[in-house]
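We did not get these values from a lab; they are worked out from the coordinates using the rules stated. What you see is a predicted model, and the numbers here were worked out from it, not measured in a lab. Here the Cβ positions follow ideal geometry from the backbone for every residue, glycine too, while neighbour counts run over all protein chains shown.
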Amino acid sequence: MANTPSAKKAVRKIARRTAVNRNRRSRMRTYVRKVEEAIAAGDKDAAVAALRVAEPELMRAAGKGVMHKNTASRKVSRLVSRVKALG
């Protein structure tokens with residue numbers, strides 16, 4: 001348990017930041033899941049539309065520190081290649 005006032009404040013700050021990051025991560029995963037579902041259904045138009053929304057969301061998460069920039073780029077790249085393969 002935190003003893004000093006500064007440690008108590010740090011705990012509060014960490015709790016707030018954790019909540020914000022959890023929401024951002026959940027939002028990002030939702031958009032990625034929509035792309036995955038469209039790919040699984042074989043619907044290229046829906047997959048492309050979902051990807052257009054998911055890509056900025058992934059990069060935003062990387063910009064906000066929820067995930068590493070290279071991880072976001074890798075995920076986008078793999079999704080794009082899978083959507084292209086639907087052809």
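What the table below lists for this structure:
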item: Three principal axis lengths of the chain [C-alpha, angstrom, descending]; result: 61, 21, 17
item: Taking the chain and dividing mean pair separation by its residue count, relative contact order in percent (alpha carbons under 8 Å, at least six apart); result: 26 percent
item: Theoretical gain in end-to-end length, residue 12 to residue 30 [0.36 nm per residue, Cα-Cα removed]; result: 3.7 nm
item: Cα-centre dipole for the chain with unit charges at Cβ (Lys and Arg positive, Asp and Glu negative), debye to 20; result: 680 debye
item: Computed FRET value (nearest 0.05) for residue 49 with residue 71, which takes r as the C-beta separation and R₀ as 25 Å; result: 0.60
item: Residue-count net charge about residue 35 - beta-carbon cut-off 13 Å; Lys, Arg +1, Asp, Glu -1; result: +3
item: Neighbourhood net charge (12 Å Cβ-Cβ; Lys/Arg +1, Asp/Glu -1) for residue 77; result: +4
item: Helix-derived mean residue ellipticity, 222 nm - over the chain, DSSP H n ≥ 4, -39500 (n - 2.57), to 500; result: -30500 deg cm²/dmol
